[in-house]
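The values are calculated or read from the model by the stated rules, or taken from the named source; none is laboratory data. All of these numbers come straight from a predicted model, not from anything done at the bench. Cβ placement follows ideal geometry from the backbone for every residue including glycine, while neighbour counts extend to all protein chains displayed. Heads up: the accessible areas ignore ligands, DNA and RNA and are worked out on the full protein's heavy atoms, side chains in. Shrake-Rupley method; radii C 1.70, N 1.55, O 1.52, S 1.80 Å.
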Amino acid sequence: MREFILRALKAKTKGFNVNDLVNAGRMDIVARCVSNALFVAGDVRKDVVFHAVLEGADDPPRTITFIGAEVRGLDYDEKSIACKINEALVKGKQLKREEFLVLEPGIKISKLSFESLIRERKNVFYLHSKGEKISDFKFSENVVFVFGDYIGMPRKTEGLLDRIGAIRISLGKKELFAASCVTIVNYELDLH
């Protein structure tokens, strides 16, 4: 199983305009990451779970989870994915901390913080430019990859990741788009 956890620091946490994803706290980045994590040509990756931890305006946190083995009928384009995220935010607006709601098979929303989500995980890898080269690393079957959006990770979060033993993994010297990182990780894991 491959899990991806994206921390989106500005992504809206209540309903938003699906025709303006940039001004919804860069929900376009979130949707692109979901698409690149879950989809391959003509199919869905059954071995992927993707969590988008949204921490932007109005009622953070909100975590939207996509489970590849259970998702049915989800289209891979940004707008379709953003519509599902928006629907989850609208329907899950009354959630209390740690509660969750299943929107449909393979998609759920929770009021779970990044810290709570990450503390429940083992085999955590933090995508970071100063980490071990991904091509040099041998991964177990069940892995969790943590990464940030265009803002990156706060220092306190990096401290938490260090305390829980997350291993820093590098995809190269150049800073990449978040969605590209997901594609490269999937490619590297597909090689083994």
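Annotations for the structure displayed:
- Computed with the Debye formula from one identical point scatterer per Cα of the range 1-67, without solvent, the log10 of I(q)/I(0) at q = 0.27 Å⁻¹ comes to -1.12.
- The range 1-53-the range 175-192 distance, computed between alpha-carbon centres (Å): 15 Å
- Comparing 13, 63, 157 in a Gaussian network model of the chain, where Cα atoms under 10 Å apart are tied by springs, the biggest mean-square fluctuation is seen for 157.
- Gaussian network model of the chain, springs between alpha carbon atoms under 10 Å - residue of 179, 31, 69 with greatest fluctuation: 69
- Accessible area of the chain belonging to carbon and sulfur atoms, whole % at 1.4 Å probe: 50 percent
- DSSP beta bridge pairing in the range 120-192, given as percent antiparallel to the nearest 5: 0 percent
- Split the chain at each of the trypsin sites (Lys or Arg not before Pro) in a DSSP loop with at most 11 other beta carbon atoms within 10 Å, and the longest piece is 1-71.
- Look at where the Cα atoms of the range 72-100 and of the range 122-169 average out, and the two centres are 26 Å apart.
- Antiparallel %, DSSP beta bridges [both residues in the chain], to 5: 45 percent
- For the chain, built as a Gaussian network whose Cα springs stay under 10 Å, the top-fluctuating residue of 139, 125, 16: 139
- Cross-link partners of residue 122 among lysines (Cα-Cα below 22 Å; sequence separation of 8 or more within a chain): 46, 108, 111, 130, 133, 138, 156
- Measuring spread by the Cα atoms of the range 129-171 yields a radius of gyration and Dmax of 11.1, 30 Å.
- Relative contact order (%) - criterion: Cα under 8 Å, at least six apart; region: the chain: 25 percent
- Formal net charge of residues neighbouring residue 18 (Cβ-Cβ distance under 12 Å; K, R +1; D, E -1): -2
- A 1.4 Å probe run over the range 1-127, with the rest of the protein chains in place, finds 44 Å² accessible per residue.
- Summing Cβ point charges (Lys, Arg +1; Asp, Glu -1) relative to the Cα centre of the chain gives a dipole of roughly 520 debye.
- In terms of its alpha-carbon gyration tensor, the range 144-192 comes out oblate; a/c meets the 1.5 threshold, while b/c is at least as large as a/b.
- Charge dipole of the range 82-137 about the Cα centre (unit charges at C-beta), most positive-ward option of 124, 135, 102: 102
- Measuring nothing but alpha carbons in the chain and taking Rh as the Kirkwood radius, the Rg to Rh ratio lands at 0.94.
- Charge tally for residue 153 (other residues, Cβ to Cβ under 15 Å; Lys, Arg +1; Asp, Glu -1): +1.
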